[in-house]
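Before any comments, here is the structure.
The values are calculated or read from the model by the stated rules, or taken from the named source; none is laboratory data. Just so we're clear, the structure is a prediction, and the values are computed from it rather than from any experiment. Here Cβ is always computed from backbone atoms with ideal geometry, including for glycine, and neighbour counts include all displayed protein chains. Just so you know, the surface numbers come from the protein's heavy atoms only, side chains and all, with ligands and any DNA or RNA stripped out. Shrake-Rupley method; radii C 1.70, N 1.55, O 1.52, S 1.80 Å.
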Amino acid sequence: MSAVLRGADGTRLSVDHGLCSGTGHCQEAAPGAFRLADRRAWPAEGLDLAATDHAGLRRAADACPWYAITFTPGGNG
């Protein structure tokens, strides 16, 4: 199971809950973009991908020790 968020410009953020262990590294790399619940990371409630720091989302994906986060920038990259 995955949590997937898509932006209007094609931006995509997903967390694979089969891999995620809830370490919180994503929260440290991209404050405000993730929340932890049920020992898993989730995109934060109401997260607007267009207004979110894409560099932070890239850092969050890179920081995940289980490679559970995928960030794909859209047209505005």
Residues whose built amide H sits under 5 Å from the amide H of H17, excluding neighbours closer than 5 in sequence, are S2, A3
Electrostatic dipole magnitude of the chain [Cβ: Lys, Arg +1; Asp, Glu -1; Cα centre; debye, to 20]: 120
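Taking a probe of 1.4 Å, how large is the accessible area per residue of the chain, in Å²? Walk me through the numbers on the way to the answer.
Numbers: 4420 Å² over 77 residues.
It amounts to 57 Å² per residue over the chain.
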In degrees between 0 and 90, to the nearest 10, how far off the longest principal axis of the chain does helix 54-63 point, with axes built from Cα atoms? 30
Place +1 on the Cβ of every Lys and Arg and -1 on the Cβ of every Asp and Glu in the chain, take the dipole about the Cα centre, and give the residue among S2, H54, H25 whose Cα lies farthest towards its positive end. S2
For segment 66-72, take each phi angle, set θ = phi - 60°, evaluate the Karplus expression 6.51 cos²θ - 1.76 cosθ + 1.60, and give the result in whole Hz per residue in order, putting x for glycine and proline. 10, 6, 7, 9, 10, 10, 10
Ordered by residue, what ³J(HN,Hα) values in Hz, to whole numbers, does segment 4-18 give under the Karplus form 6.51 cos²θ - 1.76 cosθ + 1.60, where θ = phi - 60° and Gly and Pro are x? 10, 10, 10, x, 4, 8, x, 4, 9, 10, 9, 10, 7, 6, x
Sequence-distant or interchain residues sharing an amide H contact under 5 Å with R35, placed H: which? W42, A44
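Counting alpha carbon pairs within less than 8 Å and at least 6 residues apart, what relative contact order, in whole percent, applies to the chain? All intermediate terms of the calculation are to be shown ahead of the outcome.
On the way: 140 pairs, mean separation 30.8, N = 77.
For the chain, the relative contact order is 40 percent.
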Report, to the nearest whole %, how much of the accessible area of the chain belongs to carbon and sulfur atoms, 1.4 Å probe, protein only. 50
